[in-house]
Amino acid sequence: MSETPFIVTVDTEGDNLWEKPRAITTRNAAYLPRFQQLCEKFRFKPVYLTNHEMAMSDVFVDFARDVVSRGAGEVGMHLHAWNSPPLEALTADDFHHQPYLVEYPERVMRDKIRAVTDLLEDRVGRKMVSHRAGRWAFDARYAGMLLDEGYLVDCSVTPGVDWRANPGAPGGKGGSDYSAFDPSPHFLGGRDAAPAPAKALLEVPMTVIPGRLYRWSPWLYRIPGLRSAAGRISPAHRWLCPVPLLEKRNVEAMLGLARHARRARPTHLQFMLHSCDLMPGGSPSSSSEQDVERLYACLEVLFEEISTWCRGMTLAEFREHWLRSPRTALNVERLAHA
């Protein structure tokens, strides 16, 4: 079997944003070289999906310029609407509520996308073509605005996951619902994308699979009184990313997911973590040096196994790979005649 593309994505953002700090620090930028070295050991090419505060960090910019100059990774855009310029209040306290970009007026959405894009391109010295939405919130308007700015790849979709219970602006609809989304890569735009996929936005979904109990009894996770109990028995969905569990369970969970995916002959695997997970005190799951060391021990085992049957790619490289794929040719032909 040919090597499966493996995409490592890093939400590259400020320190411990779960605490909703007013003054955001970016000390975790200094901890990225160790992760980069681990990825290079297994010939993987991380994609650093970067938001506004990290784009302002000289430590990160020096690191990012070195990575892209060597072809050892990619820098893309990641947008947190509540603290990305131009600042225009949507709620009584945007830093507390952390509203989704898709909840802002379209004029503000467009201005924020352009501002962060211009900042990253100026600081890193490369055209931005890859993107992930902050808090995974994405829609057709957002996709169109990205295309207007020259983006070619998005990785905001988490197949099967419904984020509507995660609030943004008070009184809003919550996050995006990806319950029915295709887990395979696909060009956004339906028939409009069919004649010219080279100009369309490619969606590359996260690697997410339903948990065993969810596959048998999804209704348990839709009843408020049973949802939390069912989740303690088995998560509704399993992601290819570290989770705040004990070391043994963490590595077993990710290896099990990767092996399950391999049996299904996936189009790709996409792994993700947050840059702040790599720093002691940077996130709830990395509160100490011991936590970070356990994380690296887990990643070493995971990456070593995945390297035996996967080939590392950036998001931009995967897009070129997908354009050459026989599956893409068949999909384009089917859409053109739909």
query: Looking at the stretch 31-50, is at least one residue of a type in the set (S, T, N, Q), over 24 Å from TRP309 (Cα atoms) and over 17 Å from the mean Cα position of the chain (by Cα)?
result: no
task: Taking the residues in the stretch 131-165 that are basic (Lys, Arg) and over 12 Å from the mean Cα position of the chain (by Cα) as candidates, determine which candidate is nearest to LEU201 (Cα to Cα).
output: ARG141
message: Quick check on the stretch 255-277: of everything there that is in contact with a strand residue (DSSP E or B) (Cβ under 8 Å, 6 or more places away or on another chain) and hydrophobic (A, V, I, L, M, F, W, C), which residue is surrounded by the most Cβ atoms within 10 Å (Cβ to Cβ)?
response: CYS276
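Counting just the residues of the stretch 1-30 that are outside any loop (DSSP other than H, G, I, E, B) and among the acidic types (Asp, Glu), which one comes out farthest from SER57 (Cα to Cα)? Outline the logic, then answer.
Within the stretch 1-30, the subset outside any loop (DSSP other than H, G, I, E, B) is 4-12, 17-19, 27-30.
Still in the running and among the acidic types (Asp, Glu): 11, 19.
Numbers: ASP11: 15, GLU19: 20 Å.
This residue is GLU19.
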task: Take THR308 and decide whether it is under 19 Å from the mean Cα position of the chain (by Cα), in a loop (DSSP other than H, G, I, E, B) and modelled with pLDDT of 95 or more.
output: no
message: With the structure loaded, tell me whether GLU74 is among the acidic types (Asp, Glu) and under 26 Å from GLY171 (Cβ atoms) or whether it fails that test.
response: no
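Name the residue that is modelled with the lowest pLDDT, counting only residues in the stretch 151-183 that are more than 19 Å from HIS80 (Cα to Cα) and among the aromatic types (Phe, Trp, Tyr).
Filtering the stretch 151-183 down to residues more than 19 Å from HIS80 (Cα to Cα) leaves 152, 159-162, 171, 178-183.
Keeping just the survivors that are among the aromatic types (Phe, Trp, Tyr) gives 178, 181.
Working: TYR178: 94, PHE181: 91.
Ranking the qualifying residues of the stretch 151-183, first place goes to PHE181.
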field: Where ARG294 falls short, out of the listed (1) within 30 Å of ASP15 (Cβ to Cβ); (2) of a type outside the set (A, V, I, L, M, F, W, C); (3) surrounded by 14 or more Cβ atoms within 10 Å (Cβ to Cβ); (4) modelled with pLDDT of 95 or more
entry: (4)
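Report, by residue number, each residue of the stretch 151-165 that is farther than 17 Å from GLU317 by Cβ and touching a residue at least 12 places away in the same chain (Cβ under 8 Å).
Step one: of the stretch 151-165, the residues farther than 17 Å from GLU317 by Cβ are 156-165.
Result: SER156, VAL157, THR158, PRO159, GLY160, VAL161, ASP162, TRP163, ARG164.
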Long-range neighbours under 9 Å by Cβ, at least six apart or interchain, first residue at positive phi and small (Gly, Ala, Ser) within the stretch 249-275, second in a helix (DSSP H, G or I) and buried (at least 20 other Cβ atoms within 10 Å of the Cβ): none
query: With respect to the numbered conditions (1) buried (at least 19 other Cβ atoms within 10 Å of the Cβ); (2) within 24 Å of TRP163 (Cα to Cα); (3) out of contact with any strand residue (DSSP E or B) (no Cβ under 7 Å at 6 or more places or on another chain); (4) not aromatic (Phe, Trp, Tyr), which one is the sole condition not fulfilled by THR12?
result: (3)
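Could you please find all residues in the stretch 118-147 being without any contact (Cβ under 8 Å) to a residue 12 or more places away in the chain and either of a type in the set (Ser, Thr, Tyr) or more than 30 Å from VAL59 (Cα to Cα) (or both)?
Of the residues in the stretch 118-147, the ones without any contact (Cβ under 8 Å) to a residue 12 or more places away in the chain are 118, 121-122, 144.
Selection gives GLY144 alone.
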- prompt: Do you know which residues across the stretch 75-118 are among the charged types (D, E, K, R) and buried (at least 22 other Cβ atoms within 10 Å of the Cβ)?
  reply: LYS112
The stretch 63-85, residues that are under 19 Å from GLU149 (Cβ atoms) and of a type in the set (Ser, Thr, Tyr): SER84
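Condition check: farther than 21 Å from SER307 by Cβ, modelled with pLDDT of 90 or more and surrounded by fewer than 20 Cβ atoms within 10 Å (Cβ to Cβ). Does PRO280 satisfy that? Steps first, answer last, please.
Details: farther than 21 Å from SER307 by Cβ: yes; modelled with pLDDT of 90 or more: yes; surrounded by fewer than 20 Cβ atoms within 10 Å (Cβ to Cβ): yes.
The answer is yes for PRO280.
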query: Which ones in the stretch 278-308 are hydrophobic (A, V, I, L, M, F, W, C), touching a strand residue (DSSP E or B) at 6+ places or on another chain (Cβ under 9 Å) and either over 15 Å from LEU240 (Cβ atoms) or touching a residue at least 60 places away in the same chain (Cβ under 8 Å) (or both)?
result: LEU278, MET279, VAL292, LEU299, PHE303, ILE306
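The values are calculated or read from the model by the stated rules, or taken from the named source; none is laboratory data. The structure presented is a predicted model; accordingly, all values stated were derived computationally and were not measured. Note that each Cβ is placed from the backbone with ideal geometry, even for glycine, and that neighbours are counted across all protein chains shown.
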